[in-house]
Amino acid sequence: MSAKVMLTDSGGMQKEAYFHCVPCITLRDETEWVETVEEGVNRIAGADSSAILKNFESIKPQKFNTKQIYGDGNAASKIISILKTDQ
């Protein structure tokens, strides 16, 4: 959460970087989380060391203001509320 930049090949870490608004460089040729790339938080560099370095050097450590494209983190509370009212 307090990282300045994250470099990873993990899909889960890409999403965590998005949740915490931390710039991410993905060390794979593709990602299942394309929306993180579209939002500008994630960059795809693959395993090419020059692409990794180029992406790293061009990222200005910053916190992003991301949309809540994966929800607001309150799904469980909302489900419980709905279930209680349906009884």
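Axis angle, to the nearest 10 degrees, between helix 75-85 and the longest C-alpha principal axis of the chain: 10 degrees. A simple spin-label model places the labels of Ser81 and Ala51 4.4 nm from each other, with each point 7 Å out along Cα-to-Cβ.
Only Cα pairs under 8 Å and at least 6 apart count here; give the relative contact order of region 6-85 as a rounded whole percent.
Here the relative contact order equals 26 percent.
Only Lys, Arg, Asp and Glu carry charge here, each on its Cβ (+1 for the first two, -1 for the last two); on that basis region 6-85 has a dipole of about 420 debye about its Cα centre.
Test of understanding: ordering Thr26, Thr8, Thr85 by Cβ neighbours within 10 Å, fewest first, what list do you get?
Placing the least packed residue first, the sequence is Thr85, Thr8, Thr26.
Values quoted throughout were computed directly from the atomic coordinates according to the rules given, and no laboratory measurement underlies them. Just so it is clear, the structure is predicted and the values come from calculations on it, not from any experiment. Quick reminder, even Gly has a Cβ in these numbers, built from the backbone with ideal geometry, and neighbours come from all protein chains shown.
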